[in-house]
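Quick note: the coordinates plus some simple rules give every number you see, no bench work behind them. Just so we're clear, the structure is a prediction, and the values are computed from it rather than from any experiment. As a convention, Cβ positions derive from the backbone with ideal geometry for all residues, glycine included, and neighbour counts pool all protein chains shown.
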Amino acid sequence: MFEAARVIELRLEQIALGRSTPTEMLLMATEKIDALQQARAIIIGGGDQRQVVEHYRKVVSANLVRLSEPTISRTNAPSRVETR
């Protein structure tokens with residue numbers, strides 16, 4: 001998953017350069033909790049591991065697009081990416 005590694009790189013770069021925001025740093029942590037809850041919901045709903053991975057890829061891809069933009073808004077980082 002190259003995209004996941006790139007998202008991590010971009011976020012760490014922003015932190016190191018002082019360009020990150022408290023909102024983005026909180027989002028990094030809360031995304032993990034949300035991802036677990038979403039995976040659980042997929043499995044409970046009859047889904048399988050493939051569907052969980054597909055969902056994660058959509059979320060990671062959206063993060064990559066957002067973090068790769070030249071001018072990232074410091075106040076409107078999404079709290080959750082809706083994929084349905």
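Of all residues in region 10-55, those satisfying the criterion of being touching a helix residue (DSSP H, G or I) at 6+ places or on another chain (Cβ under 9 Å), closer than 21 Å to SER68 by Cβ and assigned to a loop (DSSP other than H, G, I, E, B) are ARG19, SER20, THR21.
Candidates in region 61-74 are the residues that are in a helix (DSSP H, G or I) and out of contact with any Lys or Arg (no Cβ under 9 Å at 6 or more places or on another chain); of these, the one that is nearest to GLN14 (Cα to Cα) is ARG66.
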